[in-house]
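The values are calculated or read from the model by the stated rules, or taken from the named source; none is laboratory data. All figures in this text were calculated on a predicted structure; none of them were measured in a lab. All Cβ positions, even for glycine, are placed from backbone atoms using ideal geometry, and neighbour counts span all protein chains on display. Side chains included, ligands, DNA and RNA excluded: accessible areas come from the protein's heavy atoms. Shrake-Rupley method; radii C 1.70, N 1.55, O 1.52, S 1.80 Å.
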Amino acid sequence: MTSVAQAQPNIALIKYWGKRDHVNNLPAVSSLSVTLESLWTRMSVEFRESGGPDTLQVNEADAPAMLKRVSHCLDLVAGKQRPGADVISESNFPIGAGLASSASAFAALVVAAERELGGVRGPLDLARLAGGSSGSAARSLFGGIVELTAGDKEINVETVCECADWPLEVIVAITAKDPKPVSSGEAMVRGENTSPFYSSWLLKQDDDLRTARRGVVDRDFAKLAAVAEHNCLKMHSVMWTSKPPIVYWNSATLSCLETVRALQSDGLPVFFTMDAGPQVKAVCLPEAAAAVASALENTPGVMGTMQSSLGPGARPVETE
Ligand code: DP6
């Protein structure tokens, strides 16, 4: 039997950057994200009767670089004594380029593997397993606006606002398609060890999260926008001041920020956020989406845009 699951990437508005426990991949800080709807990763998992090593295909090509992390994730779900697995992954957006493809991949992987085992673990348990492989993946088990609380021994994850309760739109401006030069995991370690800003980043995270949660509860877009942009720029300040520095942006990233600032000056409800890559994600209210998409599309250096509403958490896909 083969089991298939689908998950969508999520975009953090209050960022996860830094780990408190590297062995169990526990985040140093809590975070808040939106799960997307129209970008997806589908994972199929089949445990073989016979032994042999795991295999992995990503978008129809062998993916040896990713195989170790996939095998580790399967160990977390099925135990180290499990049989070998054949895993196939397919995404409808660029992977490894700062678009949270590892989040959707590991979220889909744990759901597919659990199904293949005939298990009954719910989204929180599966989120904890996915988080053991990629911290941000834990949030893609849930839909809408999602909060991840970082504890000393484990994480908690929950939806704090359903998609229908505050329909936000996300426009992604693609400014480069190459894989990122430094993985987020490696970049975080560098920041923890070398950035003079890392300790102040940790100090204010709970305040930022509280402000963002208030913005969500009150549907106060301006409040959420201000704290999300501030939090994003602080995370990038940690990256920039790491030694050696990590700068994921390119000149088109900055042009997109100027575009968003111009839209804001015109009174449009929109804000930016960027992750471990040069893409810019603009979050806006639905009435602004067409203008935001068109302005970003026409920004120098932008190769294209993708638009998404908020969507559901990872789930099994029925196969024939
Ligand atoms: C910048 O979840 O990719 O997207 O746990 O090492 O796999 P690992 O890191 P990952 O980091 C995501 C970082 C971020 C911010 C965020 O999504 O909160």
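Keeping to the range 237-255, report how many residues are open to solvent by less than 20 Å² (accessible area, probe 1.4 Å), of a type outside the set (A, V, I, L, M) and under 20 Å from the mean Cα position of the chain (by Cα). Even if it seems obvious, please write down each step before you answer.
Restricting attention to the range 237-255, the residues satisfying the condition of being open to solvent by less than 20 Å² (accessible area, probe 1.4 Å) are 238-239, 242, 246, 248, 252-253.
From the residues that got through so far, the ones that are of a type outside the set (A, V, I, L, M) too are 242, 248, 253.
Subset that is under 20 Å from the mean Cα position of the chain (by Cα): 248, 253.
Number satisfying all stated conditions: 2.
Just checking, how many residues over the range 256-287 are under 23 Å from the mean Cα position of the chain (by Cα) and in a helix (DSSP H, G or I)?
So in the range 256-287, the residues under 23 Å from the mean Cα position of the chain (by Cα) come out as 256-257, 260, 269-286.
Add one more test, that the residue is in a helix (DSSP H, G or I), and what stays is 256-257, 260, 286.
Within the range 256-287, residues that are under 23 Å from the mean Cα position of the chain (by Cα) and in a helix (DSSP H, G or I) number 4.
If you go through the range 280-311 and pick out every residue that is open to solvent by less than 30 Å² (accessible area, probe 1.4 Å), closer than 29 Å to W240 by Cβ and touching a strand residue (DSSP E or B) at 6+ places or on another chain (Cβ under 6 Å), you end up with 11.
Yes or no: the range 209-230 includes at least one residue that is over 29 Å from S294 (Cβ atoms), outside the structural domain of G135 (by TED's automatic domain parsing) and touching a strand residue (DSSP E or B) at 6+ places or on another chain (Cβ under 7 Å).
Yes, the range 209-230 has at least one match.
Residue count for the range 156-172 satisfying the condition of being outside any loop (DSSP other than H, G, I, E, B), open to solvent by 10 Å² or more (accessible area, probe 1.4 Å) and in contact (Cβ under 8 Å) with a residue 60 or more places away in the chain: 4.
Listed conditions (1) of a type outside the set (F, W, Y); (2) within 16 Å of the ligand (Cβ to nearest atom); (3) in contact with a Leu (Cβ under 9 Å, 6 or more places away or on another chain) are all met by E37, apart from (2). The single condition from (1) crowded, with 24+ Cβ neighbours inside 10 Å; (2) closer than 26 Å to V247 by Cα that V110 fails is (2).
There is at least one residue in the range 121-140 that is surrounded by 23 or more Cβ atoms within 10 Å (Cβ to Cβ), within 16 Å of the ligand (Cβ to nearest atom) and among the charged types (D, E, K, R).
Looking across the range 68-107, just one residue is in contact (Cβ under 8 Å) with a residue 12 or more places away in the chain, at positive phi and surrounded by fewer than 21 Cβ atoms within 10 Å (Cβ to Cβ), and that is G96.
The range 14-63 holds strands (runs of 3 or more DSSP E) entirely within its bounds, and those carrying 2 or more residues that are in contact with a Phe, Trp or Tyr (Cβ under 7 Å, 6 or more places away or on another chain) map to 31-35. Remark: K234 falls outside the filter, which requires a residue to be part of a strand (DSSP E or B), open to solvent by less than 60 Å² (accessible area, probe 1.4 Å), modelled with pLDDT of 95 or more and among the basic types (K, R). Taking the range 69-104 as the range and being basic (K, R) and more than 15 Å from the ligand (Cβ to nearest atom) as the test, the residues that pass are K80, R82.
Among the conditions (1) under 15 Å from S33 (Cβ atoms); (2) without any contact (Cβ under 8 Å) to a residue 12 or more places away in the chain, the only one that A212 does not satisfy is (2).
Among (1) touching a Pro at 6+ places or on another chain (Cβ under 6 Å); (2) closer than 23 Å to S38 by Cα; (3) outside any helix (DSSP H, G or I), where does W249 come up short? Of everything listed in (1) touching a Pro at 6+ places or on another chain (Cβ under 6 Å); (2) closer than 23 Å to S38 by Cα; (3) outside any helix (DSSP H, G or I), W249 misses just condition (2).
For the range 77-91, the criterion of being out of contact with any Lys or Arg (no Cβ under 7 Å at 6 or more places or on another chain) and assigned to a helix (DSSP H, G or I) is satisfied by at least one residue.
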